[in-house]
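Read the structure below first, then the notes.
Only the coordinates and a few stated rules stand behind these numbers; no lab work does. Keep in mind the model is a prediction, meaning the values are calculated, not measured. Cβ sites come from the backbone with ideal geometry, for glycine too, and all protein chains shown count toward neighbours.
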Amino acid sequence: MIYAENVLICITVPLAISLLFIKGSSRRLISAFLAGMIVCVFSAYIAGFLESVSGFSSEDTSIFLSPIIEESMKLLLILFCIYVFELLDEEIMLFAVGVGAGFATFENCCIMLSSGAQQLTYVLIRGSAVGVMHIVTLVALAKGLQLLKTYKAFSFAGTVGVLSLSVTVHGLYNLLVSKPGVSSYIGYVMPMICTILLCMLNRVSIERGDKAYAEQRSVDEKS
Amino acid sequence: MSDMTLLGILATVLQSGVLAVVIVSTIKLMINKNATFLPFMFVLAMSSYFLSNLYWIAYDLLKPDTRMPIASNEIGECAMILLLSAGLDALLDGKQKKVGEVLFAFLFIGANIVLWIAWSGEWFQDILFGIPYVYFMWILIRGLRSRGVLTLKELLFVSIACISVLIMQIPLLVVKGNLFELTEVVCFVVMFAVITWLGIKSFRCKDFFLASTFFLWTELSMFLSPDVYYNIAMAANTIACFFMFLSMKKELANDLR
């Protein structure tokens, strides 16, 4: 048994103090990181509450309920920032990465403290699979929201659709790693594959953006 | 693992293969023709469906012959319906909400939800995951009517046929013996006749709204069918995915012209 709130205070205080001395995108990233950790605690509270109310076992809760709760909480945070701070496209991605990293870091800290970190293999798997998975689902979510915003189709259906997509990825990962054997190996590799695919997608969209910008510039120069 | 589960896994694997081809082809299309909103939403929707299938396969292999409490695969299907709706919504010309259309969509999907609950008893998730279908159906009706893809006669004919399938599902839940067998035969003949008609029509017209209607009806048919019928409806659903891709491609070509 660990006291997650105490761990949270211990990690967040130095980061919160550091906010006083930094500005710009670094400050935004650290703020998002902090927000991600806080969201992680809230998600754990809600999952714990629902576990006791629904009568699900802890395994069933982690497979079926946690993905829904965690992804919804992360989406709510991002939507809040999009609407309140009127984030630009690049800022959405920055914020999403920060929230994802904060969420994953805090979850890893709690798991390590409760179950120990003696085995290097376990620590590596924990870091490169679960840690990456939270960032991947949030980057996918942010990418979806970014594109919905770009095409001026920021509708309820689109937003919930993108959320459901990230819940499915998360749920599939949790299901695959729930049983030892081949399925868990596939599950551990899945976040890394998704990361590579998302990086490629991001690269293509950046290149396309540059190309469109260059074309626009040449048109402007001609006119 | 039972034979039916094994057959279900095989059908899902086949469908996933088709979906993978559809996703890759759409991405190629996006790269060649410079990304637009519709193929982007279509890729996201088909990816959700693909992931939902993967979830289904993984679940069947890891926990065979057990029922999921709350399934991520249903969330994946929900994502697919919502993302397709968002894509179709952008194509709609007239977005005025006609009460009759909204009411029809609500009642039709509502009747489906009642049947799902009667069969599974999972009222909460059936209602929750049924709501996106109401929105999807309303968009399809609006699109079909505003584009005039189907004549009023055809629309009426297909609506009556679909409603009669739903009505015939009620005795299937309560009666037994000869009456059950007779109703079952008639019900599934009508159901698959509608599937065939919509399939042929959407292949000829290559309209995205019509292909999506074909897809929706195959989905609803899957949910209303047991065992063998389920797998036949699933085969039709796989074909519908491919038809949707073809019609989306045509839509894109018209858009770029």
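Values computed for the structure shown
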quantity: Ranked A:HIS134, A:HIS170, criterion: other C-beta atoms within 10 Å, fewest first; calculated: A:HIS170, A:HIS134
quantity: Region B:212-257-region B:123-189 distance, computed between alpha-carbon centres (Å); calculated: 15 Å
quantity: Estimated vicinal HN-Hα couplings, Hz - region B:125-138 in sequence order (Karplus 6.51, -1.76, 1.60; Gly, Pro = x); calculated: 6, 5, 5, 4, 7, x, 4, x, 5, 5, 5, 4, 5, 4
quantity: Shielding by partners - mean other protein chain Cβ count within 10 Å, residues of A:176-183; calculated: 2
quantity: Given B:LYS28/B:LYS201; A:LYS149/A:LYS179; B:LYS28/B:LYS153; A:LYS143/B:LYS250; A:LYS23/A:LYS143; A:LYS152/B:LYS250, the pairs whose alpha carbons are separated by over 31 Å; calculated: A:LYS149/A:LYS179; B:LYS28/B:LYS153
quantity: Relative contact order for region B:3-256, counting Cα pairs under 8 Å that sit 6 or more residues apart, in percent; calculated: 19 percent
quantity: In region A:1-45, trypsin sites (Lys or Arg not before Pro) in a DSSP loop with at most 14 other beta-carbon atoms within 10 Å; calculated: A:LYS23
quantity: Mean shadow area of the protein assembly as shown over all directions, Cα convex hull, nm²; calculated: 26.5 nm²
quantity: For B:SER202, A:SER57, order by how many other beta-carbon atoms lie within 10 Å, fewest first; calculated: A:SER57, B:SER202
quantity: Principal semi-axes in Å for region A:73-164 [√(5λ), Cα gyration tensor, largest first]; calculated: 31, 12, 10
quantity: Relative compactness, region B:3-256, computed as alpha-carbon Rg over 2.2 N^0.38 Å; calculated: 0.99
quantity: Principal axis dimensions, region B:77-137 - Cα atoms, whole angstrom, descending; calculated: 39, 25, 12
quantity: Taking N as its residue count, the alpha carbon Rg of region A:1-119 over 2.2 N^0.38 Å; calculated: 1.14
quantity: Under 5 Å, built H, 5+ apart or other chain: amide partners of B:GLU122; calculated: none
quantity: Cβ charges +1 (Lys, Arg) and -1 (Asp, Glu), total dipole of the protein assembly as shown, debye; calculated: 1360 debye
quantity: B:LEU103/B:MET4 FRET efficiency (R0 30 Å; Cβ-Cβ; nearest 0.05); calculated: 0.20
quantity: Peptides ranked, highest mean first, by Cβ atoms within 10 Å: ranges B:136-144, A:4-12, A:175-183; calculated: B:136-144, A:175-183, A:4-12
quantity: Percent of Cα-Cα distances greater than 28 Å, calculated over chain A; calculated: 34 percent
quantity: Neighbour-count ranking [beta-carbon atoms within 10 angstrom, fewest first] of B:ASP207, B:ASP227, A:ASP89; calculated: B:ASP227, A:ASP89, B:ASP207
quantity: Residue-averaged [θ]222 nm for the protein assembly as shown, counting only DSSP H segments that reach four residues, each worth -39500 (n - 2.57); calculated: -29500 deg cm²/dmol
quantity: Whole-Hz couplings from phi, Karplus 6.51/-1.76/1.60, listed for region B:43-50; x for Gly and Pro; calculated: 4, 4, 5, 5, 5, 4, 5, 4
quantity: Sequence-distant residues sharing a close amide H with B:MET68 (under 5 Å, placed H); calculated: none
quantity: Simple label model, 7 Å out from Cα along Cβ direction - A:ARG203 to A:SER58, nm; calculated: 4.1 nm
quantity: Positive dipole terminus of region B:133-196, leading residue within B:CYS162, B:ILE141, B:VAL194 (C-beta point charges); calculated: B:ILE141
quantity: Evaluated at q = 0.10 Å⁻¹: base-10 log I(q)/I(0), Debye formula over Cα of region B:87-237; calculated: -0.35
